[in-house]
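Chemist: Below: one structure in C-alpha cells.
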Amino acid sequence: MNYQTIFDTLASEMADVEDRGHVATYIEALSHVPPDRFGACLIDHQEAEYHLGDSNESFSIQSIAKVLSLTLAYRTAGESLWRRVGVEPSGNPFNSLVQLEYDGGIPRNPFINAGALVICDYLITEMPGVLDVILDLARRLSGNEQLVYSQEIAESERVSGFRNAALVNLMKAFGNIHNDVEAVLDFYFKLCSIKMTCRDLARTFLYLMNNGLQPGLNERIVTKSQSKRINAVMQTCGFYDEAGEFTFRVGLPGKSGVGGGILAVHPQHYGIAVWSPRLNAKGNSYKGMLFLEAFTTRTGLSVF
C-alpha cells in the first residue's frame, strides 16, 4: 500500500477543513505553541517511513509518555501492578477526583492522571534515578540520542498542577502512594514534558506493533502477552472519556496528549503518530482525530 500517496491525498482534502480546536492554555507553556502546526509519520512493519508536514518538529508528548512509564512498570512488576491500578475505562475527565474517592484511591486505569501518578510512585520505589532510566529507554527505542524533557514545560505544569496535587494527596490518604508526594509530582511533570517528533513517537512504540519486540534493535521490551494487554488498555482507555469515540471512528489502540500528539499502532502493520496542537473539548487533537479517522477509512486498515 502506498502510504505516502494516501498521506498526500488526505492532506490536500483536509487543507480547508476548519480546525475548531484550541491549544491547551491551562499549562501556560503549551499556550505558546504555534496552533497551526500539523505533522504525521507512519513506520510500517518493514521499517519503511512515510512523512507529512511538520513530522520532524519536536513537541511535548504529555500523556503519551504514560505508555512508556506503564511499559517500564509492567515489565518490572508483572501482573502484581494491577493491584494498585485498574484497567477499566473511566468515562470521566482525565483529572477527575470524584471517581477516585468513590473507588477508594485505586485509579480506574494507568492513563488517567491518577493512574499515571501511581505508576510514577511505583517506579520511584523500584528504580533510583528513574527519570534517566526512562529517558535512556526512549532514546534507545526512538534512535534519537538527543531526546530530553523540557524544564520550562515541567515548571509550567508544576505551577498549574493543583488537581494533580489533589489526586496524589488523596491517594496518599488511601495508602496507594508510598513516596513523598512532591517527589512523585516532580517525576510526573518531567515525564509529561518529554519532547519528541512524530517520527520519534512512531518509532518508539513499534514494539507494540510487533508483539513486544522492537524492530531494528531486535530487543524484547515486553512479553507478547504484556504487549497485547498494553494495546488493550490503549484501545479502551487511551483517550480518556473519548476512548469509545476514538475506537468507533479510528479503530486503533492509541494514546493522546494535550500537547496535540496522538500515537496509534496497528499490530503487525504499522505505528503512526500525528501532531496538531488544537484540542477538542475532551483534550484530544481535533484535526489529528479527523486525520486518523480518514486514514483508517481510506486504507481499510484498523483492528476491526
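Chemist: Looking at the stretch 238-266, which of its residues are crowded, with 24+ Cβ neighbours inside 10 Å, assigned to a helix (DSSP H, G or I) and in contact with a Lys or Arg (Cβ under 8 Å, 6 or more places away or on another chain)?
Modeler: Y240 - this is the single residue of the stretch 238-266 that is crowded, with 24+ Cβ neighbours inside 10 Å, assigned to a helix (DSSP H, G or I) and in contact with a Lys or Arg (Cβ under 8 Å, 6 or more places away or on another chain).
Condition check ((1) without any contact (Cβ under 8 Å) to a residue 24 or more places away in the chain; (2) crowded, with 23+ Cβ neighbours inside 10 Å; (3) within 18 Å of K282 (Cβ to Cβ)) across all residues:
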position	(1), (2), (3)
E79	yes, no, no
W82	yes, no, no
P89	no, no, yes
Q99	yes, no, yes
N113	no, yes, yes
Y122	no, yes, no
M127	no, no, no
G143	no, no, no
V148	no, no, no
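Chemist: Being touching a helix residue (DSSP H, G or I) at 6+ places or on another chain (Cβ under 6 Å) and either acidic (D, E) or under 22 Å from G257 (Cα atoms) (or both) is the filter here; which residues of the stretch 1-19 pass it?
Modeler: D19
Chemist: Restricting attention to the stretch 45-58, and to residues there that are within 19 Å of the chain's Cα centre (by Cα) and surrounded by fewer than 23 Cβ atoms within 10 Å (Cβ to Cβ), which single residue is nearest to K287 (Cα to Cα)?
Modeler: Only one residue tops the list, namely D54.
Chemist: Can you name every residue in the stretch 102-126 that is farther than 16 Å from N179 by Cα and either basic (K, R) or within 15 Å of the chain's Cα centre (by Cα) (or both)?
Modeler: If the condition is that a residue be farther than 16 Å from N179 by Cα and either basic (K, R) or within 15 Å of the chain's Cα centre (by Cα) (or both), then R108, N109, P110, F111, I112, N113 are the ones that fit.
Chemist: Restricting the search to the stretch 116-150, which residues are assigned to a loop (DSSP other than H, G, I, E, B), under 11 Å from A73 (Cβ atoms) and touching a strand residue (DSSP E or B) at 6+ places or on another chain (Cβ under 9 Å)?
Modeler: none
Chemist: Considering the stretch 11-41 alone, what residues qualify as being assigned to a helix (DSSP H, G or I), under 21 Å from the mean Cα position of the chain (by Cα) and of a type in the set (D, E, K, R)?
Modeler: E28
Chemist: Further question on the same structure: Does G39 fit the bill of being modelled with pLDDT of 95 or more and within 30 Å of R158 (Cβ to Cβ)?
Modeler: When the stated conditions are applied, G39 passes them.
Chemist: Cβ-Cβ below 8 Å, separation at least six or inter-chain, first residue in the stretch 159-177 and surrounded by 21 or more Cβ atoms within 10 Å (Cβ to Cβ), second in a helix (DSSP H, G or I) and of a type in the set (V, I, T): which pairs?
Modeler: Within 8 Å, the pairs are V168/V181; V168/V184; M171/V118; N176/V118; I177/V118; I177/V168; I177/V184.
Chemist: Here's a follow-up. Which of the following residues is of a type in the set (A, V, I, L, M, F, W, C), more than 19 Å from F187 (Cβ to Cβ) and in a helix (DSSP H, G or I): L100, L68, L72?
Modeler: After ruling out the rest, the residue left standing is L100.
Chemist: Right, another one. Do the conditions hold for L52, that is, is it farther than 19 Å from G212 by Cα, in contact with a helix residue (DSSP H, G or I) (Cβ under 8 Å, 6 or more places away or on another chain), of a type in the set (A, V, I, L, M, F, W, C) and in a helix (DSSP H, G or I)?
Modeler: The answer is no for L52.
The values are calculated or read from the model by the stated rules, or taken from the named source; none is laboratory data. Only a predicted model underlies this, so the values are computations on that prediction, with no experimental measurement involved. Cβ: placed from backbone, ideal geometry, glycine included. Neighbour counts: every protein chain shown.
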